[in-house]
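Engineer: Structure provided below as structure tokens; questions to follow.
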Amino acid sequence: MPPSYDFAAEIADCARAVEAALDRLLVEERLSGPGPAARRVVAAMRHGSLNGGKRLRPLLVRQAAQVFGVPAEAAMPAGLAVEAVHCYSLLHDDLPAMDDDDLRRGQPTVHVAFDEATAILAGDALLTHAFALLADETCHPDPTVRIRLVAELAAGSGVGGMVGGQMRDIEGEKGGFSNGDIEVMQAMKTGALIRASVRMGAILGGADPRALSAMTAYAQAAGRAFQLADDILDVTATSEAMGKATGKDAGKGKQTLVAQMGLEAARRELDTIVNDAVMALRTFGPRADGLRATARYFASRNS
């Protein structure tokens, strides 16, 4: 990473590149086979995936891969796969049976713009095609690496990761959380896909076990920082700034770390977590400046 590294330029460049790649991917011609892709489902996939989002998870894949000398364009297929899984999770989270949200990225959620059944199927399709992206030779020439990427994303998004975290969140809303349960839930619901993003970038770059362990420590701290910052924003930010409803946690009586420790203590804890993330990268030098900047961004963002 050059001394003149510009985080604002990189996050904007990555978002543009991901948006353009998703626009090319989410079309009937690319998604068909063995039969023609259902036009309404494709339209719902596009509605839920395009026109917004910071593309932070593909950014993490890209930045982690760059630490090991992988160019940004070579990391794009894996980044798109993670983003497709993230978008699928949003489509399903917004459903009436889950978080029951009507607004996402400043526009009607997919189940509002289309209907619930279409939103479910569009999410299913995004999840399915994510793994097709990783299986394709354009992702990496070595099939062993591609299999590792598939396994990593499956672990991060499955019952031991994002899906399991969502289940724990639902259970916690009904029965409450005991000590430590909130951290476990958040590490799975939000942190697991962030962890997978970083590790996938490192795997693309052929990281050895020691380097992968350091990247994992960073990723776990970054995931905690992202979720804690999100909880803080739910209390402090406006719906207009966030592009979605805020204050819902308090409205539901939902237990969060902010509710437990108070806003100022949560902000101090956030600073500590970001420092942990940055320190985990100390062996990589300037090559990891992008990852360091992203961890700091997680804590400073206002939307």
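Engineer: Once label points are set 7 Å from the Cα along Cα→Cβ at both residue 210 and residue 301, what is their separation, rounded to one decimal in nm?
Structural biologist: Between residue 210 and residue 301, the simple spin-label model gives 3.3 nm.
Engineer: Quick one: 3J(HN,Hα) in Hz for the stretch 93-101, Karplus 6.51/-1.76/1.60 with θ = phi - 60°, rounded, Gly and Pro as x.
Structural biologist: 4, 6, 5, x, 6, 10, 8, 6, 9
Engineer: Which one of 71, 132, 37 is farthest out on the positive end of the charge dipole of the stretch 7-300, using unit charges on Cβ (Lys, Arg +1; Asp, Glu -1) and the Cα centre as origin?
Structural biologist: 71
Engineer: Among [x] 140; [y] 224; [z] 125, which one is volume of the Cα convex hull per residue in Å³ computed from these coordinates?
Structural biologist: Read-out taken from this structure: [z].
Engineer: Once phi is turned into ³J(HN,Hα) by the Karplus curve 6.51 cos²θ - 1.76 cosθ + 1.60 with θ = phi - 60°, what whole-Hz value does each residue of the stretch 273-279 show in order, with x for glycine and proline?
Structural biologist: Here the 3J(HN,Hα) series is 5, 4, 4, 4, 4, 5, 5 Hz.
Engineer: Please give the calculated 222 nm ellipticity per residue for the chain, where each DSSP H segment of at least 4 residues contributes -39500 (n - 2.57) and the sum is spread over every residue; nearest 500 deg cm²/dmol?
Structural biologist: Helices in the chain give a 222 nm mean residue ellipticity of -22000 deg cm²/dmol.
Engineer: Next question, about the same structure. 5 Å is the cut-off here: which amide hydrogens, built 1.01 Å from N in the peptide plane, fall below it relative to residue 158, excluding neighbours closer than 5 in sequence?
Structural biologist: Answer set, sorted by chain and number: 163.
Engineer: Non-local amide H neighbours of residue 104 (under 5 Å, H modeled in plane, Pro and chain starts lacking H): which ones?
Structural biologist: Amide H neighbours of residue 104, under 5 Å, 5+ apart: 109.
Engineer: Treat every Asp and Glu Cβ in the chain as -1 and every Lys and Arg Cβ as +1, leave all other atoms uncharged, and give the resulting dipole magnitude about the Cα centre to the nearest 20 debye.
Structural biologist: Roughly 560 debye, rounded to the nearest 20.
Engineer: Mind giving me the FRET efficiency for residue 4 and residue 287? R0 is 25 Å, r the Cβ-Cβ distance, nearest 0.05 is fine. If you can, show how the numbers build up before the last one.
Structural biologist: Values: r = 14 Å, r/R0 = 0.57.
Approximately 0.95, to the nearest 0.05.
Engineer: Quick check: residue separation of residue 144 and residue 30 times 0.36 nm, minus the Cα distance between them. What number comes out in nm? Could the numbers behind the result be given before it?
Structural biologist: Numbers: separation 114, 0.36 × 114 = 41.04 nm, distance 2.49 nm.
Full extension of this stretch gives 38.5 nm more.
Engineer: Between the alpha-carbon centers of the stretch 214-231 and the stretch 150-174, tell me the distance in whole angstrom.
Structural biologist: What the calculation gives is 16 Å, centre to centre.
Engineer: While we're here: Label residue 39 and residue 263 with points 7 Å out from Cα along Cα→Cβ: what is the distance between them in nm?
Structural biologist: It is 5.0 nm.
Engineer: For the charge dipole of the chain, defined by +1 on Lys and Arg C-beta atoms and -1 on Asp and Glu C-beta atoms about the Cα centroid, which residue among 302, 198, 261 has the Cα displaced farthest towards the positive pole?
Structural biologist: The Cα lying farthest towards the positive end belongs to 198.
Engineer: Given a 10 angstrom Cα cut-off, can you work out which residue in 225, 237, 97 is the most mobile in a GNM of the chain?
Structural biologist: Top of the fluctuation ranking is 97.
Engineer: Highest GNM mean-square fluctuation, the chain, Cα pairs closer than 10 Å: which of 173, 116, 83?
Structural biologist: 173
Engineer: At 7 Å along Cα-to-Cβ for each site, give me the label-to-label distance between residue 105 and residue 181 in nm.
Structural biologist: 3.4 nm
Engineer: Say R0 is 22 Å: what FRET efficiency, to the nearest 0.05, do residue 271 and residue 235 get from their beta-carbon distance? Display every interim value, and only then the final one.
Structural biologist: Values: r = 17 Å, r/R0 = 0.77.
Given R0 = 22 Å and the Cβ-Cβ separation, E is 0.85.
Engineer: On to the next question. Take the Cβ-Cβ distance between residue 51 and residue 279 as r, set R0 to 41 Å, and report the resulting FRET efficiency rounded to the nearest 0.05.
Structural biologist: E(calc), rounded to 0.05, equals 0.65.
No value in this document is a laboratory result; all are computed from the given coordinates. Bear in mind that the values here come from a model prediction, so they are computed numbers and not experimental data. Using ideal geometry, Cβ is built from the backbone for each residue, glycine included, and neighbour counts are taken over all protein chains shown.
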